[in-house]
Every structure is written in structure tokens, then in C-alpha cells.
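What follows is one structure encoded as C-alpha cells, with my remarks underneath.
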Amino acid sequence: MKNKVFYYGYRAISKGMIFATISCLYGCGHTQKTSKVSPNIIVIFTDDQGYGDLGCYGSPNIHTPNIDLMAAGGMRFTSFYAAPFCGPSRAQLLTGCYPPRVGHARNPGPSSPYGLNPNELTIAEVLQNQGYATKCIGKWHLGDAPEFLPTQQGFDSYFGIPYSNDMWKYHPNMPPKMDEDSLMLAIRSRATYTGFAGQGSYYPLGKGFPNDLPLMIDEEIIELNPDQQQLTDRYTESALDFITKQNKNPFFLYLAFSMPHVPLFVSEKYAGKSYRGLYGDAIMELDGSVGRIMGLIKDLGLDNNTLIIYTSDNGPWLQYGIDGGSAGPLRAGKGTLYEGGIRVPAIFRWPGKIPSGSISGLLSGNLDIFPTLVGLAGVKIPMDRAIDGRDLWPVLSGKSTMSPHNFFHYMGGSREGEANYLGIRDDRWKLMVNVDSSGVLVAKELYNLGTDVGERFNRLTQQPEIATRLRMEAQKFYDELSKNIRPAGQLSIASNN
Ligand code: MG
């Protein structure tokens, strides 16, 4: 643990000091490791992959034999929720909290003064403190200032791009230049052909990103605008190298692929291999990476002591036409709070511990990964702060057929310190709401997800009692959350200069 001093507005604090305090709050008295062996943990997190983009989730045209095999050997979830876009989903995964609670409900761009507050406790910090070797590979997107990078959030080392792979000077919304290079021309030409996001308010023309895209090791930039055709393979090689070098301690690998977020790239080996164009090729390359990782785990004899999780950060970016994925039977995609925006594929595999070939439709989400992994490492869930996620292990181990959640809450993007509350669901019904100027929730749409997963039939007028019951539960949660939003990480003026 690096003992670095951070500056947040008016105060200076030592993260090492805080972590030691937190460790004692929930640690000194009752965090002795249990007698069970702590498993190795690999979390594979893809970017903008839709609910319908894997063979085992019904894709008619993308062949994913390795991921399907992973599902056949583990548990596949069908009501598993992320957040509606990249940065917030990563905050949710790593902290076990709804993004507004940790002040991270929008995407920080390059050189943003905001990031995930280092005071927040991440999975990596808990596992690192338990003796795990920890590594982050791929997209970070929780702040690119040195104070917010993975090595300051519990990861021993980092290799990747600190934000989205389209946050660079080649974004199609950047204005034409006199001397455009071939990459700019190719990306602009493809975006014109496929369609692209932000042809209105989002990334307005001329207000895109003038920066080069950095590839980093730990806190150092090692390349600018790396060849993205090699990115999936380079991340995978780095993952294989990390796994191979572990021979003593348990390890935690957080592998957040940049694909299939636009702009799409694949290596030569996978180009033209799918029936679903460039998007399908990119998924097939990810599938190949999953196969290589599972193969290595088996070859090293680690199969029975390694939990592998595969999931996506949000739904498909449909504005990109054929370069966006598919939400299958679900409505809409990335950025929305319809099911296609946040219900994602999720597979958990741990041979001998998780029933193979099982499917769970129980209410769950990536916010449950924190408490689940913390529990597996033999640590009690922190009691010094609100954590929204719940331990999924009773479900994963086949011991429980009940979701640990009565409700899931839907929240859109918002500025730091705010919550953009938009809906609630229980095991069957989903109510979408607006918040009026006095903070009162107003029912807007009601869907029976049990019979209408595509959200085609608004039942609000037919089922007022259900709407009222859900609205009251939602109001209770919204009022609590609004009072307990924790501060985002924010650079002081001094350190931002
Ligand atoms: Mg994303």
C-alpha cells in the first residue's frame, strides 16, 4: 500500500492512514481469515457488450464457444444489472455502491479534475490487504489524474488506457482538418457509414477530445495512440503473464477490455471471422482471450481454486448502428434505463463450488461483486459506510434460491453530489419515475418484466396499486440516498494546476 498524500480542496489526508483506520474499523476486530482457502479471482469486464451478444445469451450470429463453455461450467445470470454507461458502472463494480452514492455517476474525460474518491474502499484494496497480488489491465475510467489511477486504488500494477478508447483526437465529432491522416479519415468515414452518437448534444462538433490516447504502465505513459488492432491481444498477453508469475499468494486480476466499445478494432487473426461484421469479430477475439485464460488456469492446475467472472459494463451503443451490439429481446441500449441499457450478460465459473450449467434469473448486479468477493476472501463487509450490493455467494453456491435484493434501483448520469433517480424494480414489476422540483417521485411507466421483458406495454393505468407500492419504496430509498451521497474525488486547484 502506497502511503501517498492526497489533496482534496481544503484538507490533506494520508491514504495509508485512512486505509489503516478503515481496516481497523471493520478489520482489526473481526477480519481474521476463515479456514477456507481464498480463491484466485479474475473479473473480465467488457465494454458496451449487449445482453444478446453471446451464443449462450441467444446471439444468432456471433460464435462464442469459449464463453459458452464457461457458462456451461458455471452459473449464468439473466437479471444482472450494470449502470447505464462506462465510468459509473466501474465505480459500482469496484465499490459495491450505486454510482451516485460514491459521487461517480458520469464519465470523467481526459484530464478531468474528478475521479473515484481514494477514500472509497475498492475490492482491490480489500483483497490487497488480505495478501492478494492485484493487477488491473485495460480501461480504467475512474479518473486519469495520478491521484486516481489504479495503483492508488489497491492495484499493485496497471497496464491499459485510463479512459474510453474513443476519447481521443480521432473521435468522429472532431472537426475536419486540412491534413487529416489516414486513421482519422478511416474513422470519420466509418462513423458516417454506421451512424454515431452525439450528432446533437453529446460530444458536440469541435468540442470533442483534442488529446492523444495514452497507453500506460502503472503511472507512466508508455505509448500514445497505440495500435488498437493489437489492444485485445496485448491485454490478454499481459493477463497470461500476470497469472503465470503467481506462485505463492492468491491473485485478483481485473481485466477490463476496451472492446467492443467504438471505435472497433480487431487483430488480423479475427478480421472477417464472424457473421456479424466488425462488431462480431471483436467479440470473437474476446472469446478467444477467455479461452486462452481458461486454458492457462487449467494447465496450471488452478481450475478448482479460481473464480472467473465475465460481464459487461453496460448495454450496446445502438447509435453506432452495425458497430453497436444487440440487447437481444430487451428494449433500447446504452445510456438508457430501459432494460437494454443496463441488463447485461454475467457468468460466474468456479468448478466444484458453483453448480455447472446453472441459470439464475434472480435480481442481482455488478454491485454485488464487491460484497461477494470480500466474503470469499474471509473479510466481513465494511460497516463504516453504506454498501448497496449484497453477498451473492449463497445463490452462486446453490444454497439459496432467493435474491439478496428486494429491489433494484435505476439511476442515470448526474453531476457529483447529485442522484438522478429514475426507477425501481422488484422480482417482477418495474416502475419508472420522474423526480419533481420538491424531491417527490412521480410515477411515469410501469412494466411487468415477468411477462414483458421487452417493456412494450405500460401498465401504469391498469395497476395503480402496484405503482403506488413501488413508488413508496423508491421514495424511501431516494430520500436515504440523497442524504448520504459521499464526495467524489476532486483535485484541489493547486494540484490541478
Ligand atoms: Mg461502456
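The values are calculated or read from the model by the stated rules, or taken from the named source; none is laboratory data. Predicted, not measured: the structure shown is a model, and the values here were computed from it. Cβ coordinates were reconstructed from backbone atoms using ideal geometry, including for glycine residues, and neighbour counts include every protein chain displayed. All accessible areas refer to the heavy atoms of the entire protein, side chains included, with ligands and DNA or RNA removed. Shrake-Rupley method; radii C 1.70, N 1.55, O 1.52, S 1.80 Å.
Over the chain, with the other protein chains present, what is the accessible area per residue in square angstrom, probe 1.4 angstrom?
Per-residue accessible area for the chain comes out at 39 Å².
Based on DSSP H runs of at least 4 residues, each adding -39500 (n - 2.57), what is the mean residue ellipticity at 222 nm of the chain after dividing by all its residues, to the nearest 500 deg cm²/dmol? Can you show the working numbers first?
On the way: 12 runs with 125 residues, N = 497.
Using -39500 (n - 2.57) per qualifying helix, the result is -7500 deg cm²/dmol.
Which net charge results for the neighbourhood of PRO99, defined as the other residues with beta-carbon distances under 12 angstrom from its beta-carbon, given Lys and Arg at +1 and Asp and Glu at -1?
In short, 0.
Using Cα pairs closer than 8 Å and at least 6 residues apart in sequence, work out the relative contact order for the stretch 366-437, in percent.
Relative contact order for the stretch 366-437 comes out at 19 percent.
With just the Cα atoms defining each centre, how far is the stretch 222-287 from the stretch 319-360? Give it in Å.
What the calculation gives is 19 Å, centre to centre.
Please calculate the 1.4 Å probe accessible area of VAL344, with all protein chains present, and give it to the nearest 10 Å².
My reading of the accessible area for VAL344 is about 0 Å².
How do the peptides 330-338, 295-303, 169-177 rank, highest first, by the average count of neighbouring beta carbon atoms within 10 Å per residue?
330-338, 169-177, 295-303
Normalise the Cα radius of gyration of the chain by 2.2 N^0.38 Å (N = residues in it) and let me know the number.
Expressed relative to 2.2 N^0.38 Å, the Cα Rg reads 0.93.
Place a label point 7 angstrom from the Cα of ASN406 along the Cα-to-Cβ direction, then list the residues of the stretch 415-436 whose backbone nitrogen is under 18 Å away.
423-431
When a/c reaches 1.5 or more, the comparison of a/b and b/c decides; with that in mind, is the stretch 408-483 rounded, prolate or oblate per its Cα gyration tensor? Walk me through the numbers before you get to the answer.
Details: a/c = 2.10, a/b = 1.73, b/c = 1.21.
It comes out prolate by the Cα gyration axes.
Rounded to the nearest Å, what's the spacing between the alpha carbon centres of the stretch 145-193 and the stretch 433-486? Just the number, please.
37 Å
Only Cα pairs under 8 Å and at least 6 apart count here; give the relative contact order of the chain as a rounded whole percent.
25 percent
How large a share of the accessible area of the chain, in percent, is made up of carbon and sulfur atoms when the probe is 1.4 Å and the other protein chains stay in place?
It is 54 percent, rounded to a whole number.
Students often check this: by mean Cβ neighbours within 10 Å, which of 422-431, 131-140, 226-235 ranks highest, and how do the rest follow?
131-140, 422-431, 226-235
Nearest-5 percent of antiparallel DSSP beta bridges in the stretch 2-396?
40 percent
Could you calculate the FRET efficiency of GLN462 with ILE322 from 1/(1 + (r/R0)^6), where r is the beta carbon distance between them and R0 is 45 Å, rounded to 0.05?
So, using R0 = 45 Å, E works out to roughly 0.75.
Can you figure out the FRET efficiency of LYS298 with GLU223, using R₀ = 45 Å and their beta-carbon distance, to the nearest 0.05?
0.90
What number comes out for the charge environment of LYS177, summing +1 per Lys or Arg and -1 per Asp or Glu over other residues with Cβ under 15 Å away?
-2
Using a 10 Å cut-off on Cβ atoms, rank the peptides 73-81, 189-197 from the highest mean neighbour count down.
Averaged packing, sorted descending, gives the order 73-81, 189-197.
What residues qualify as long-range amide H neighbours of SER403, i.e. H under 5 Å apart, gap of 5 or more or another chain, H built at 1.01 Å from N?
Those qualifying (amide H under 5 Å, at least 5 residues apart or on another chain) are LEU363.
Only four residue types carry charge here, +1 at the Cβ of Lys and Arg and -1 at the Cβ of Asp and Glu. Report the dipole size of the stretch 225-330 about the Cα centre in Debye, rounded to the nearest 20. Numbers along the way, then the final one.
On the way: 8 positive and 12 negative charges, 44 e Å.
Dipole of the stretch 225-330, to the nearest 20 debye: 220 debye.
Which listed residue (GLY417, THR468, VAL453) has the Cα farthest towards the positive end of the charge dipole for the stretch 408-483, taking +1 on Lys and Arg C-beta and -1 on Asp and Glu C-beta about the Cα centre?
It is VAL453.
Reachable aspartates and glutamates from LYS399, Cα under 20 Å, same-chain residues fewer than 8 places away excluded?
LYS399 reaches ASP368, ASP391, ASP427.
Please compare each pair in LYS169/LYS273; LYS444/LYS476; LYS353/LYS380; LYS135/LYS169; LYS135/LYS380 to a cut-off of 26 Å on the Cα-Cα distance and tell me which ones are over it. Don't skip to the end; give the middle numbers.
Values: LYS169/LYS273 29 Å; LYS444/LYS476 17 Å; LYS353/LYS380 20 Å; LYS135/LYS169 29 Å; LYS135/LYS380 22 Å.
Among LYS169/LYS273; LYS444/LYS476; LYS353/LYS380; LYS135/LYS169; LYS135/LYS380, the Cα-Cα distance tops 26 Å for LYS169/LYS273; LYS135/LYS169.
What Rg and what Dmax come out for the stretch 179-325 when only alpha-carbon atoms are used, in angstroms?
Spelled out, the Cα radius of gyration and Dmax of the stretch 179-325 are 17.7, 56 Å.
Hey, if you put +1 on the Cβ of every Lys and Arg and -1 on every Asp and Glu Cβ in the chain, which of PRO110, GLN92, PRO382 ends up farthest toward the positive end of that dipole?
PRO382
What is the gain in length, in nm to one decimal, between ASP241 and ASN448 on full extension, counting 0.36 nm per residue of separation less the C-alpha to C-alpha distance?
69.8 nm
What list of ³J(HN,Hα) values in whole Hz, one per residue of the stretch 110-120 in order, does the Karplus curve 6.51 cos²θ - 1.76 cosθ + 1.60 (θ = phi - 60°) give from phi, with Gly and Pro shown as x?
After applying 6.51 cos²θ - 1.76 cosθ + 1.60, I find x, 6, 5, x, 9, x, 5, 4, x, 5, 5 Hz.
Could you pull out every whole DSSP H run in the chain that spans at least 15 Å of Cα extent along its own axis and averages -1.0 or higher on the Kyte-Doolittle scale? Let's see the in-between values first.
On the way: long enough: 182-194 (18 Å, 0.33); 231-245 (21 Å, -0.43); 277-299 (33 Å, 0.36); 464-483 (28 Å, -0.92).
Long hydrophobic helices here: 182-194, 231-245, 277-299, 464-483.
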